[in-house]
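Undergrad: One structure follows; several queries about it will come next.
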Amino acid sequence: MAKKVLVIEDNEQNLYLVRFILEKAGYSVLSATDSQEGIDLAGASKPDIILLDIQLPTMDGYAVARRIRAMPDMGNVAIVAVTSYAMPGDREKALAAGCDGYIEKPIDPETFLSTVESNVRSKEGPNGRAP
Ligand code: MN
């Protein structure tokens, strides 16, 4: 069955690009353009992977990651932060908030998918994640 990815991203162009790349690779893609909508959809849809923009209006991605991690059954979902901040310490901040990996914008269509997949694999470990 296709893996389900939830993309939480307020920039329509980025969302379009990410959706295009993921759907072409066979993923099932859900999306939300604001923080609360993303949190609600995460709980309702139980995705395999969440791609989380860190720069969101009203609530930043770090707060979103913490909220999602605190939800029932969401302790194990792979969360990959996507950010255009290039400040030292951002990766650590994302990891501390409960993200498993970190991708920098601008998104490079050539490497985006392999970066997502390697982040997810490192989360799953060599034997995969328990269902
Ligand atoms: Mn944004």
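Undergrad: Scan the range 1-36 residue by residue and report those that are surrounded by fewer than 15 Cβ atoms within 10 Å (Cβ to Cβ), in contact (Cβ under 8 Å) with a residue 12 or more places away in the chain and among the acidic types (Asp, Glu).
TA: Once the filter is applied, which keeps residues that are surrounded by fewer than 15 Cβ atoms within 10 Å (Cβ to Cβ), in contact (Cβ under 8 Å) with a residue 12 or more places away in the chain and among the acidic types (Asp, Glu), the range 1-36 yields only Glu12.
Undergrad: Here are Val64, Val82, Val77: which of them is more than 16 Å from the ligand (Cβ to nearest atom), surrounded by 20 or more Cβ atoms within 10 Å (Cβ to Cβ) and among the aliphatic types (A, V, I, L, M)? Can you show your working first?
TA: On the way: Val64 fails: more than 16 Å from the ligand (Cβ to nearest atom); Val82 fails: more than 16 Å from the ligand (Cβ to nearest atom).
After applying the criteria, what remains is Val77.
Undergrad: Surrounded by 22 or more Cβ atoms within 10 Å (Cβ to Cβ) and either acidic (Asp, Glu) or more than 15 Å from the ligand (Cβ to nearest atom) (or both), is that true of Asp53? Show your work before the answer.
TA: Working: surrounded by 22 or more Cβ atoms within 10 Å (Cβ to Cβ): yes; either acidic (Asp, Glu) or more than 15 Å from the ligand (Cβ to nearest atom) (or both): yes.
Here the answer is yes, as Asp53 does meet what is asked.
Just so you know, all these numbers are worked out from the coordinates, no wet-lab data involved. Since the structure is predicted, the reported quantities are computational estimates derived from the model, not experimental observations. Every residue, glycine as well, gets a Cβ built from its backbone with ideal geometry; the counts of neighbours run over all protein chains shown.
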